[in-house]
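Asks: Below is the structure I would like to discuss, written out as structure tokens.
The values are calculated or read from the model by the stated rules, or taken from the named source; none is laboratory data. Keep in mind it's a predicted model, so treat the numbers as computed, not measured. All Cβ positions, even for glycine, are placed from backbone atoms using ideal geometry, and neighbour counts span all protein chains on display. Just the protein is used for accessible areas: all its heavy atoms, side chains included, with ligands, DNA and RNA removed. Shrake-Rupley method; radii C 1.70, N 1.55, O 1.52, S 1.80 Å.
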Amino acid sequence: GSHLCDVLLADGHRVICVDNFQTGSMDNVRALRHHPDFKLIHGDICEPIIVREQLDQIYNLACPASPPQYQADPIHTMLTSVVGTANLLKLAEKNGASFLQASTSEVYGDPEQHPQHEDYWGHVNCTGPRACYDEGKRAAETLCFDMLRTGRVDARVV
């Protein structure tokens, strides 16, 4: 996420970064903390995020991504993807902001097809040790597409 912050700041945007530092490091944003257009909120998206400034874009990159990290606290991993994404989508809706969800090829589970095409639904195990991450990301995608289909948020998934 710090690289995205770098690019956005270089392009003249104001950036508000929310991180609980469960898997990230303060060192990644240390140089940005003195930038006049950068604000850091040490928080968890599983809790409602209060931002007083008007937001135009929201990028959701939150969630531990490696098996040792996401399996260390599988319940929080799932909640980050589902509750956290729902909280950020509500924030996007309130602000009329566009929303970008960072997903993963893990939504396909252990695929039977390589490479996976967008119409491939996957081969998933919804109760296995990877499910907290795989299913959480799948649910986050569903939330994004439901908000898009209902016209509540201009959401995209990458």
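Asks: Sort region 65-114 into rounded, prolate or oblate with this rule: let a ≥ b ≥ c be the square roots of the eigenvalues of the Cα gyration tensor; rounded if a/c is under 1.5, and if a/c is not under 1.5, prolate when a/b is larger than b/c, oblate otherwise. Show your work: numbers first, answer last.
Replies: Numbers: a/c = 3.37, a/b = 1.55, b/c = 2.18.
Verdict is oblate for region 65-114.
Asks: Let me ask another. Among (i) 27, 19, 15; (ii) 44, 25, 16; (iii) 36, 19, 13, which is the computed semi-axes √(5λ) of the Cα gyration tensor in Å?
Replies: Computing semi-axes √(5λ) of the Cα gyration tensor in Å and matching it to (i) 27, 19, 15; (ii) 44, 25, 16; (iii) 36, 19, 13 gives (i).
Asks: Please list the non-local residues whose amide H lies under 5 Å from the amide H of PHE38, H modeled 1.01 Å from N, same-chain partners needing a gap of 5 or more.
Replies: Amide H neighbours of PHE38, under 5 Å, 5+ apart: VAL15.
Asks: So with the 1.4 Å probe, I'd like the accessible area per residue for the chain, rounded to whole Å².
Replies: Working: 9350 Å² over 158 residues.
Spelled out: the 1.4 Å probe surface of the chain, per residue, equals 59 Å².
Asks: Can you tell me the length gained on complete extension of the stretch HIS117 to ARG30, counting 0.36 nm per residue apart and subtracting the Cα distance? Mind showing how you got there, number by number?
Replies: Working: separation 87, 0.36 × 87 = 31.32 nm, distance 3.87 nm.
Gain on extension, HIS117 to ARG30, equals 27.4 nm.
Asks: Here's a follow-up. Under DSSP H, which helices of the chain have Cα atoms covering 24 Å or more of the helix axis and a Kyte-Doolittle average no less than -1.0? Write out the running numbers ahead of the final one.
Replies: Working: long enough: 131-149 (26 Å, -0.35).
The qualifying helices are 131-149.
Asks: Rank-order 111-119, 149-157, 55-63, 126-134 by packing density, defined as the average count of other C-beta atoms within 10 Å over each peptide's residues, highest first. Working shown, then result.
Replies: Working: 111-119: 9.1, 149-157: 14.7, 55-63: 18.9, 126-134: 16.4.
Highest mean packing first, the order is 55-63, 126-134, 149-157, 111-119.
Asks: Ordering ASP19, ASP11 by accessible area with a probe of 1.4 Å, largest first, what comes out? Numbers along the way, then the final one.
Replies: Details: ASP19 50, ASP11 110 Å².
I get ASP11, ASP19, largest accessible area first.
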